[in-house]
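Heads up, the thing below is written out as structure tokens.
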Amino acid sequence: MVAVFMDSSSKYRTEDGSSAIENMIIWDTALDYGACWIQENIRPQKTEFKLLINITETLNLLAILTVYIAIEWPTKDEKSLKEVLHWETF
């Protein structure tokens, strides 16, 4: 589990943190791990979580990223380019 905290005084804290999380997910996938991004605003226990791991008040929890060993990867049927490409119409 990775807890991503951002400095509350940073102007682009959400954008910077989100970019970092996305890069971690890409890296996890490249190493054959799975990852799940859990956004902080759905976690009502964020205050208790900050106290548990002794985080200062100046940092805000952005997200929790769980990393796991995937038992199997879902298969995805590839669509042809003709099925997904539209020229000026839908």
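The values are calculated or read from the model by the stated rules, or taken from the named source; none is laboratory data. Fair warning: this is a prediction, and the values are worked out from it, not measured in the lab. For neighbour counting, all protein chains shown are included, and Cβ atoms are generated from backbone atoms with ideal geometry for every residue, glycine included. Areas reflect the complete protein model, heavy atoms only, side chains present, ligands, DNA and RNA absent. Shrake-Rupley method; radii C 1.70, N 1.55, O 1.52, S 1.80 Å.
So the check is Cβ under 7 Å with 6+ separation or different chains; which pairs have a first residue in the range 65-83 that's open to solvent by 100 Å² or more (accessible area, probe 1.4 Å) and a second one that's assigned to a strand (DSSP E or B)?
68/33; 68/34; 69/33
From the list 17, 34, pick out the single residue that is open to solvent by less than 90 Å² (accessible area, probe 1.4 Å) and either touching a Phe, Trp or Tyr at 6+ places or on another chain (Cβ under 6 Å) or more than 18 Å from residue 4 (Cβ to Cβ) (or both).
Working: 17 fails: either touching a Phe, Trp or Tyr at 6+ places or on another chain (Cβ under 6 Å) or more than 18 Å from residue 4 (Cβ to Cβ) (or both).
Answer to the check: 34.
Show me the strands (runs of 3 or more DSSP E) entirely contained within the range 1-88 in which 2 or more residues are over 12 Å from the mean Cα position of the chain (by Cα).
Details: elements: 2-7, 33-39, 59-69.
Hits in the range 1-88: 2-7, 59-69.
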